[in-house]
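Peer 1: So that we are looking at the same thing, I have put the structure below in structure tokens.
The numbers here are math on the coordinates, done by the rules we state, and not lab data. Being a predicted model, the structure only gives us computed values, none of them experimental. Here the Cβ is made from the backbone with ideal geometry for all residues, glycine too, and neighbour counts use every protein chain on show.
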Amino acid sequence: MISQDSKYRIRHDRPNCIGCSACASIAPKFWEMSDLDGKSDVIGSKMGEDGLEEMEISEEDFQCNLDAAEACPVNVIHLIQIGDNKQII
Ligand code: SF4
């Protein structure tokens with residue numbers, strides 16, 4: 001999902017997700033658990049050849065995804081500031 005006001009990019013290192021479901025509990029609008037393998041997915045994201053899921057989000061959706069990233073016990077949720085390509089987490 002790419003919109004004009006996208007400010008951040010979620011990058012989910014899905015192969016290393018342990019399926020704890022913290023992200024889906026904290027930010028269910030963006031994260032859901034897969035029935036196939038028990039890992040989480042970023043709803044509406046695109047998956048690259050490296051298995052990483054990516055999706056752009058706007059400023060207003062930053063905080064709940066930051067909360068999800070900070071709660072992830074294996075640090076596989078990253079947020080990148082678009083523009084200067086700075087990794088926030
Ligand atoms: S919080 Fe991290 S490990 Fe847990 S389901 Fe979400 S991405 Fe996977």
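Peer 1: For residues that are surrounded by 12 or more Cβ atoms within 10 Å (Cβ to Cβ) and under 13 Å from Asp61 (Cα atoms), scanning just the range 2-20, find the one that is nearest to the ligand (Cβ to nearest atom).
Peer 2: Among residues in the range 2-20 that are surrounded by 12 or more Cβ atoms within 10 Å (Cβ to Cβ) and under 13 Å from Asp61 (Cα atoms), the one nearest to the ligand (Cβ to nearest atom) is Ile10.
Condition check ((1) of a type outside the set (Gly, Ala, Ser); (2) away from the ligand (no atom under 11 Å from the Cβ); (3) more than 10 Å from the chain's Cα centre (by Cα)) across all residues:
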| residue | (1), (2), (3) |
| --- | --- |
| Ala22 | no, no, yes |
| Ser25 | no, no, yes |
| Lys29 | yes, yes, yes |
| Glu32 | yes, no, yes |
| Asp35 | yes, yes, yes |
| Ser45 | no, yes, no |
| Gly51 | no, yes, yes |
| Glu59 | yes, yes, yes |
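Peer 1: Which of the residues spanning the range 43-64 are closer than 12 Å to Ala27 by Cα, out of contact with any strand residue (DSSP E or B) (no Cβ under 6 Å at 6 or more places or on another chain) and not charged (D, E, K, R)?
Peer 2: Residues of the range 43-64 that are closer than 12 Å to Ala27 by Cα, as a first pass: 43, 61-64.
So of that shortlist, the ones also out of contact with any strand residue (DSSP E or B) (no Cβ under 6 Å at 6 or more places or on another chain) come out as 61, 63-64.
Matches in the range 43-64: Gln63, Cys64.
Peer 1: Please give the number of the condition Gly83 fails out of (1) more than 12 Å from the ligand (Cβ to nearest atom); (2) buried (at least 18 other Cβ atoms within 10 Å of the Cβ).
Peer 2: Condition (2) is where Gly83 drops out.
Peer 1: Tell me, please, whether a residue that is in contact (Cβ under 8 Å) with a residue 60 or more places away in the chain and on the phi < 0 side of the Ramachandran plot can be found in the range 66-77. Quick ask: steps written out before the conclusion?
Peer 2: In the first step, residues of the range 66-77 are kept if they are in contact (Cβ under 8 Å) with a residue 60 or more places away in the chain; the result is 76-77.
Within this subset, residues satisfying the condition of being on the phi < 0 side of the Ramachandran plot are 76-77.
Yes, the range 66-77 contains a residue that is in contact (Cβ under 8 Å) with a residue 60 or more places away in the chain and on the phi < 0 side of the Ramachandran plot.
Peer 1: State which residue is farthest from Ile80 (Cα to Cα) when the search covers only the range 31-55 and only residues that are crowded, with 19+ Cβ neighbours inside 10 Å and of a type in the set (D, E, K, R).
Peer 2: Asp41
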